[in-house]
1. With the structure loaded, tell me whether Met45 is part of a loop (DSSP other than H, G, I, E, B) and over 26 Å from the mean Cα position of the chain (by Cα) or whether it fails that test.
2. Select, from Thr39, Thr56, the only residue that is β-branched (Val, Ile, Thr) and modelled with pLDDT of 90 or more.
3. Residues of segment 3-21 being in a helix (DSSP H, G or I) and surrounded by 10 or more Cβ atoms within 10 Å (Cβ to Cβ), which ones?
4. Given the structure, is Gln26 among the polar types (S, T, N, Q), out of contact with any Phe, Trp or Tyr (no Cβ under 6 Å at 6 or more places or on another chain) and part of a helix (DSSP H, G or I)?
Amino acid sequence: MAQSRAKKKRMHIKRTVGKDVEKNRQSNSFSTHERTTKTKTEKLMHDSTKHKKQYTDN
């Protein structure tokens, strides 16, 4: 397959200047891990323990 103009320019800069432009790219600004919804039991446990810490006498 043919290379794009942008890739050709990047390769030319890397050859002549020695500067790898691809290393300047930013990492993802968002999290890439997979999020899962809570199960029914997790929701019930969360609701049952949500406000319990407010009323304890420490």
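1. It is false that Met45 is part of a loop (DSSP other than H, G, I, E, B) and over 26 Å from the mean Cα position of the chain (by Cα).
2. Values: Thr56 fails: modelled with pLDDT of 90 or more.
Of Thr39, Thr56, the one residue that is β-branched (Val, Ile, Thr) and modelled with pLDDT of 90 or more is Thr39.
3. Lys7, Lys8, Lys9, Arg10, Met11, His12, Ile13, Lys14, Val21
4. Values: among the polar types (S, T, N, Q): yes; out of contact with any Phe, Trp or Tyr (no Cβ under 6 Å at 6 or more places or on another chain): yes; part of a helix (DSSP H, G or I): no.
The answer is no for Gln26.
The values are calculated or read from the model by the stated rules, or taken from the named source; none is laboratory data. What you see is a predicted model; the values in this text were computed from it and never measured. Neighbour counts are summed over all protein chains in view; Cβ atoms, including those assigned to glycine, are modelled from backbone coordinates with ideal geometry.
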